[in-house]
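Note sheet for the following structure.
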Amino acid sequence: MNLALLPLAAPPPPPTPGPPPHAVAAWPLQPRPEIVRGFELPAKPWLPGHRGVDLAGRPGQPVLAATAGTITYAGALAGRGVVTIAIGPRRTTYEPVVPAVSVGVTVKTGTVIGRLSAAGSHCVPRSCLHWGLLQGKQYVNPLTLLPNRPVRLLPLAERPAQPAAAAPRAVSPAPESPPNHNQRAAKLVIAATAALALTAGVLIRRE
């Protein structure tokens, strides 16, 4: 009996790990800035609110592209410099900025798009960058783009005081039955009345 030995197939090598995914967005100021004022979406589009976040900075500080995309606006708007980066329906805005890019340029995350301007700051007398995000026509909190968004600690709510236990209601004592001497007096009156009636009847008969 002849036996044939078949070579065993070697297991496939493990897949080579790919490069780590790029962050969706990065802070537009480095090092990581202080948040001077957060996002406050108004209840109605025409009501006041804060449609972005204010990040503390210094005049002349480089402003970085928080997201990749195409420059769709770079210039003065309402007295201050504004830069807008669009990718599809999403737009990120930066102000007040002295632009270092022009419309139509494609940028990557971290590209310098301008310098922070002291004119038109939302944080007078401090300088800060107003960073905004629009998804279509809807304003959104730009911090939601960050992979490691800052955590805002809120004070623990005070526990509601437990209602005090209701005091037991006083039970009115049951009315006492009339004392026995009252009952005896009533019986005596009835007996006397009967005796008088009987005596009067006897006297009438005698007459």
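The values are calculated or read from the model by the stated rules, or taken from the named source; none is laboratory data. Keep in mind that this is a model prediction, so the values were computed, not measured. These area figures cover heavy atoms from the full protein model, side chains too; ligands, DNA and RNA do not enter into them. Shrake-Rupley method; radii C 1.70, N 1.55, O 1.52, S 1.80 Å.
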Residue in the stretch 102-120 that is most open to solvent (accessible area, probe 1.4 Å), counting only those that are of a type in the set (A, V, I, L, M) and more than 32 Å from the chain's Cα centre (by Cα): Val103
Which listed residue is open to solvent by 50 Å² or more (accessible area, probe 1.4 Å) and either outside any loop (DSSP other than H, G, I, E, B) or at pLDDT 90 or above (or both), from Thr92, Thr72, Thr84: Thr72
